[in-house]
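Asks: Below you'll find the structure I mean.
The values are calculated or read from the model by the stated rules, or taken from the named source; none is laboratory data. All of these numbers come straight from a predicted model, not from anything done at the bench. Cβ coordinates were reconstructed from backbone atoms using ideal geometry, including for glycine residues, and neighbour counts include every protein chain displayed. Heavy atoms of the whole protein, side chains included, go into the accessibility calculation; ligands, DNA and RNA do not. Shrake-Rupley method; radii C 1.70, N 1.55, O 1.52, S 1.80 Å.
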Amino acid sequence: MGMLYKGEWTDQDDIIHNGAYIRPDSKYNGEIAKDVIENIATFPGRYWLIGSNSCQWSQRPMLMRRLKKLDNLIPLHIAHGPRLEGYAINGGATWDIPGSQFAICHLHQLYTLSDPDYTGRSTVPVLWDSLSQQIISNESSQIMHALDKVETEDQHPLTYYPPSLSKEMSLTDSWIYSGLSNGVYKAGFAQSQNAYNQAVALVFHTLDRLEQILTEKRFLFGPDQTASDWKLFTTLLRFDLVYYTLHRCIKRRLVDYPNLWAYTRDLYQTRSISGIVDIPTIVAASYQNDTTNNPHNIIPIMPDLDWETPHERDTLKANRS
Ligand SMILES: N[C@@H](CCC(=O)N[C@@H](CS)C(=O)NCC(=O)O)C(=O)O
């Protein structure tokens, strides 16, 4: 896939160890500073979100941006196109970097503008400061959390990080991440049978565990949606469409889990995100973005899934965690 080494693009990779995929930590990974969070509300258009439709991690802050009604404050740019040196920034054409006189073709050029000596992967999502010309964060969970904290007059009044659940949420996020959300990548990128077997076993163990939890609760912690539900949603949404085939997670489908399938539809049908989850675009971007597993760029014909089928999970409303 290639990465930056001291500011230069190389075809080297350091992500496979003994046949297993190891995801490197994001480099801009810290908690986002309070002044950035305040500036988002005061300087509309200063901070840009750069994401990709192929990427579940990008979709997390993209959803939070909409849930918290921040679209007018944070412009969104979708990176897309042939993957020649990592992510193309604008379908093979150039993109004028907000706040600068530079136009770039590849996402990695944004990283070297921010840090000319950058070593590491150039990943989406990115929160970009057009004033300082710096990457503020390239870690989806930090960007999501920061967006939740932005205070505006017209925003959704709820937080998706209720303080009373913070400990429980981070524990739950952690096993969902290692077993499922990152697990599907471990399965899809594995280069040994053993690494693949281990990853897939954990993927389905995690799905089984979630199916059980969701028999009694409408959302992971009870009647209200939290950031943990939205993180999980971005993985489940892609399960039958992308990970099942492209990443060889074919033991069971999402639709074989009645609670998980209804739960995913419940989140999908949330009115405030209506129209922004564009499944055909997500599917096309995912298959065209993985030239290792899909060298001929073929977009498969999708199963007939009806995402609008009533989920009937409102009856679980009364259950608190
Ligand atoms: N921990 C990061 C992971 C981001 C990530 O790995 N994004 C992938 C797309 S799904 C990417 O940009 N990969 C490009 C690469 O590794 O070169 C986050 O959650 O933001």
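Asks: Whole Å is fine, so just give me how far the alpha carbon centre of the stretch 34-103 lies from that of the stretch 153-229.
Replies: A separation of 24 Å, based on Cα centres.
Asks: What is the stretch 3-149's relative contact order, in percent, from Cα pairs under 8 angstrom and six or more apart in sequence?
Replies: Values: 265 pairs, mean separation 46.8, N = 147.
Over the stretch 3-149, the number comes to 32 percent.
Asks: Considering the chain as a Gaussian network with a 10 Å cut-off on Cα pairs, which listed residue, Leu70, Leu220, Leu165, attains the greatest mean-square fluctuation?
Replies: Leu165
Asks: Follow-up question, since we're still on this one. Once the dipole of the chain is set up with Lys and Arg at +1 and Asp and Glu at -1 on Cβ about the Cα centre, which of Tyr268, Tyr118, Ser140 lies farthest towards its positive end?
Replies: The residue sitting most towards the positive pole is Tyr268.
Asks: Another question about this same structure. Which value in deg cm²/dmol, rounded to the nearest 500, describes the helix-derived mean residue ellipticity at 222 nm for the chain, given -39,500 (n - 2.57) per DSSP H run of n ≥ 4 and division by the residue count?
Replies: On the way: 10 runs with 110 residues, N = 321.
Calculated at 222 nm, the ellipticity per residue is -10500 deg cm²/dmol.
Asks: Another question, if that's okay. With the other protein chains left in place, how much accessible area per residue, in square angstrom, belongs to the chain at a 1.4 angstrom probe?
Replies: Per residue, the chain has an accessible area of 47 Å².
Asks: Can you give the relative contact order of the chain as a percent, counting alpha carbon pairs under 8 Å and 6+ residues apart? All intermediate terms of the calculation are to be shown ahead of the outcome.
Replies: Working: 518 pairs, mean separation 61.5, N = 321.
This gives 19 percent for the chain.
Asks: How much length, in nm to one decimal, is gained on full extension between Ala103 and Tyr161, taken as 0.36 nm per residue of separation minus their Cα-Cα distance? Intermediate results must be reported in sequence, preceding the final value.
Replies: Values: separation 58, 0.36 × 58 = 20.88 nm, distance 3.71 nm.
So the extension gain works out to 17.2 nm.
Asks: Oh, and also: Could you give the length gained by full extension between Gln212 and Ile301, i.e. 0.36 nm per residue of separation minus their alpha carbon distance, to one decimal place?
Replies: 28.9 nm
Asks: Could you compute the longest span of the chain free of chymotrypsin sites (Phe, Trp or Tyr not before Pro) located in DSSP loops and having at most 16 other Cβ atoms within 10 Å, not counting the site residues? Walk me through the numbers before you get to the answer.
Replies: On the way: sites that count: Phe102, Trp307.
After excluding every exposed loop site, the longest remaining stretch is 103-306.
Asks: Please compute the contact order of the stretch 164-316 in relative form: average sequence separation of alpha-carbon pairs under 8 Å and at least six residues apart, divided by the residue count, as a percent. If you can, show how the numbers build up before the last one.
Replies: On the way: 141 pairs, mean separation 34.2, N = 153.
It comes to 22 percent, rounded to a whole number.
Asks: With a 1.4 Å probe and all protein chains left in place, how much of the accessible area of the chain comes from carbon and sulfur atoms, in whole percent?
Replies: 51 percent
Asks: Further question: Hey, got the dipole for the stretch 244-283? About the Cα centre, +1 on K and R Cβ, -1 on D and E Cβ, debye to the nearest 20?
Replies: For this selection, approximately 180 debye.
Asks: Roughly speaking, what is the stretch gain from Tyr5 to Trp175, that is 0.36 nm per residue apart minus the C-alpha to C-alpha distance, in nm to one decimal?
Replies: The Tyr5-Trp175 span can extend by a further 58.1 nm.
Asks: Return the lysines within reach of Lys186: Cα separation strictly under 18 angstrom, same-chain partners fewer than 8 residues apart disregarded; answer none if there are no such residues.
Replies: Qualifying lysines at Cα under 18 Å: Lys231, Lys251.
Asks: Name the aspartates and glutamates eligible as straight-distance cross-link partners of Lys217: C-alpha to C-alpha under 20 Å, and not fewer than 8 places from it in the same chain.
Replies: Within the straight-line limit of under 20 Å, Lys217 reaches these aspartates and glutamates: Glu168, Asp173, Asp208, Asp229, Asp256, Asp266, Glu312, Asp314.
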